[in-house]
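Report on the following structure.
The values are calculated or read from the model by the stated rules, or taken from the named source; none is laboratory data. Here the structure is a predicted model, which is why all the values come from computation and not from measurement. Don't worry about glycine lacking a Cβ; one is built from the backbone with ideal geometry, like all the others, and counts go over all protein chains shown.
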Amino acid sequence: MKINKREWIIEANITQMQQAMEEGWISSEELVLLYMERIEKYDAVLRSILELNPDAERIAKELDRERAVRGARGKLHGIPILLKDNIDTQDLMHTSAGSIALAHSYAAADSGVAAKLRAAGAVLLGKTNMTEWANFMSGSMWAGYSSRGGLTLNPYGPGEMFVGGSSSGSGAAIAANLGAAAIGTETSGSIISPASQNSLVGIKPTIGLVSRSGIIPISSSQDTAGTMTRTVTDAAILLGAIVGADERDEVTLIGAEQGHSDYTIFLDSEYVKQARIGIPRFYFKELDEARLEVIEAAIKVLKDAGAVIIDPVELSCEALDWEWDVMRYEFKAGLNDYLSGLDDSVPIHSLAELIVYNQEHTEAALKYGQDTLIWSEQTSGTLTEPEYVDSLQRNKELAGKQGLDRTLKQYQLDALLFLGNEGGDDIAARAGYPVITVPGGYAEQGVTAPGGYTTKGPQGISFIGGAFSEPALIKLAYGYEQATMHRSSPSAFC
């Protein structure tokens, strides 16, 4: 029976694509063209992709020829991957962080992540829309909005359901099957939130596992790139391709020693039978009934699968009123360093110049203002203020050593369980620890949230562990995924 490739590509996973290319049933070039066709058909509504790589088809053809002559490089050979628009690529695509100020900026070199993807044989298909400046521009900016790309919408309920941010375009695009997988970035929740809201698997790695070189920054102590996929297997494949040392990001010289080139070896659905999982009930108090039912159902699934559920557990930091000084101070220092290296043709080379540029282009650039940019500009940019030093130490101590580390050790836990990005992702971000979220079902009812969106829709189940605990988290997420298989395509985009 002849298979319709346009139908097959919907929800096709990386392993299936790789097998089809090996069998000669489809080519990388055809994959690229199929995704481009879907983008043209659907993305006018979603606004998830800012631009396509004009060389993508050519690169795919070259990779097809290489496969025929020498064989595939690995599991990502010929696979079309989307990247968030704050990740440098040395090609004909721009890197703008969603800002019109950088709409014509070309990177002089590949980011560490882009270089590793190219080396693995991936096709860099395009750049995804994002919350402008990774949602560190304005306190009132809607998640998914950028002055360059407009507002990204959630394919499960465009204009109704929250899309999540700031890797909004990466989330919406992969949910709607506009690419095989995507790379997002996270400072605090920016992978986990859109992955959860768009029924995806998202991995925010431990700081130091993946290079941050060539990524427009917010916080040098919290930023990381990570994976956004439709399955845990795809996430494991993609993560293995981007981990590793990069001399341009010295923290990876230590962190890479903890990494693995192949995370698919941790796809063990039986692991859950020996796992101990903690339930931090403090973070469930504000959940509406429908979302509480989702997390309770997940707990039951894990318990029925054999996991030891410790319910409840407490975190010493759970009631703290956290401040945002680390991000405030590190943003100016990091952004100034990035902008100062851009070509002279770019109109801005510092945070101060960005603020002025936005003021001079108010109608196009300042729909939501720029109070957060101004707040950060008020710092010295030298990272010497006692307020910053104290805040950084507080994050590492209270979120890390006295928070997650202490609780994991006290209860002898493999992981803590949260609903999506409801609290745990920020603690993990401050500590620099990993999070994985996996589709956990669908809340049929919801309440109206800020911005007019409803809390109903896809919900993620998130596992959080200690530093470099990605192998255990992948095992748990895979076991839960295989026991539930909650992921389903958004019907309007099939």
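Quick notes
- Qualifying residue in the stretch 45-55 (condition: out of contact with any strand residue (DSSP E or B) (no Cβ under 9 Å at 6 or more places or on another chain), surrounded by fewer than 17 Cβ atoms within 10 Å (Cβ to Cβ) and within 19 Å of THR152 (Cα to Cα)): yes
- Scanning the stretch 163-210 for residues that are within 12 Å of ASN135 (Cβ to Cβ) and among the polar types (S, T, N, Q) gives SER166, SER167, SER168, THR185, THR187, SER188, SER190, SER193.
Each row is one residue, and each column tells you yes or no for (1) acidic (Asp, Glu); (2) more than 27 Å from ILE59 (Cβ to Cβ); (3) surrounded by 24 or more Cβ atoms within 10 Å (Cβ to Cβ).
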{"residue": "GLY139", "(1), (2), (3)": "no, yes, no"}
{"residue": "GLY149", "(1), (2), (3)": "no, no, yes"}
{"residue": "ILE192", "(1), (2), (3)": "no, yes, yes"}
{"residue": "LYS204", "(1), (2), (3)": "no, yes, yes"}
{"residue": "GLY226", "(1), (2), (3)": "no, no, yes"}
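- Residue match in the stretch 22-34 (condition: more than 26 Å from ASN129 (Cα to Cα), assigned to a helix (DSSP H, G or I) and either among the small types (Gly, Ala, Ser) or modelled with pLDDT of 95 or more (or both)): yes
- MET1 at pLDDT below 95 and either out of contact with any Pro (no Cβ under 7 Å at 6 or more places or on another chain) or part of a helix (DSSP H, G or I) (or both): yes
- Check on ALA72, touching a residue at least 60 places away in the same chain (Cβ under 8 Å) and part of a loop (DSSP other than H, G, I, E, B): no
- Count of the stretch 102-129 residues which are surrounded by 24 or more Cβ atoms within 10 Å (Cβ to Cβ) and either farther than 23 Å from GLY171 by Cβ or touching a Gly at 6+ places or on another chain (Cβ under 9 Å) (or both): 11
- Qualifying positions in the stretch 224-241 - touching a residue at least 40 places away in the same chain (Cβ under 8 Å) and under 13 Å from the mean Cα position of the chain (by Cα): ALA225, GLY226, THR227, MET228, THR229, ARG230, ALA235, LEU238, LEU239
- Hey, ILE79 under 18 Å from ALA241 (Cβ atoms), surrounded by 15 or more Cβ atoms within 10 Å (Cβ to Cβ) and among the hydrophobic types (A, V, I, L, M, F, W, C) or not: yes
- Members of the stretch 437-451 found to be out of contact with any helix residue (DSSP H, G or I) (no Cβ under 6 Å at 6 or more places or on another chain) and in a strand (DSSP E or B), listed by number: PRO439, TYR442, THR448
- Every condition in (1) among the acidic types (Asp, Glu); (2) buried (at least 24 other Cβ atoms within 10 Å of the Cβ); (3) farther than 17 Å from ILE49 by Cα holds for GLU132 except the one numbered (3).
- Across the stretch 308-364, the qualifying residues are those that are of a type outside the set (A, V, I, L, M, F, W, C), in contact with a Ser or Thr (Cβ under 9 Å, 6 or more places away or on another chain) and loosely packed, with under 14 Cβ neighbours inside 10 Å, and the one among them that is nearest to TYR271 (Cα to Cα) is GLU323.
- Check on LYS273, free of Cβ contacts under 8 Å to residues at least 24 places away in the same chain and either more than 27 Å from the chain's Cα centre (by Cα) or assigned to a strand (DSSP E or B) (or both): no
- If the condition is being farther than 25 Å from GLU186 by Cβ, outside any helix (DSSP H, G or I) and among the acidic types (Asp, Glu), then the stretch 289-332 contributes ASP311, GLU314.
- Residues in the stretch 452-482 that are in contact with an Asp or Glu (Cβ under 8 Å, 6 or more places away or on another chain) and either in a helix (DSSP H, G or I) or of a type in the set (Asp, Glu) (or both) were compared, and the one that is farthest from ILE277 (Cα to Cα) is TYR478.
- Enumeration of residues in the stretch 120-158 that are hydroxyl-bearing (Ser, Thr, Tyr) and over 25 Å from LYS456 (Cβ atoms): SER138, SER146, SER147
- Looking across the stretch 286-304 at every residue that is more than 24 Å from the chain's Cα centre (by Cα) and β-branched (Val, Ile, Thr), the one that is surrounded by the most Cβ atoms within 10 Å (Cβ to Cβ) is identified as VAL301.
- From the options SER99, SER105, SER48, residue that is more than 26 Å from GLU360 (Cα to Cα) and of a type in the set (S, T, N, Q): SER48
- Counting only helices (runs of 4 or more DSSP H) that sit wholly inside the stretch 343-413, those with at least 1 residues that are among the aromatic types (Phe, Trp, Tyr), touching a residue at least 40 places away in the same chain (Cβ under 8 Å) and within 30 Å of GLY466 (Cβ to Cβ) are 386-394.
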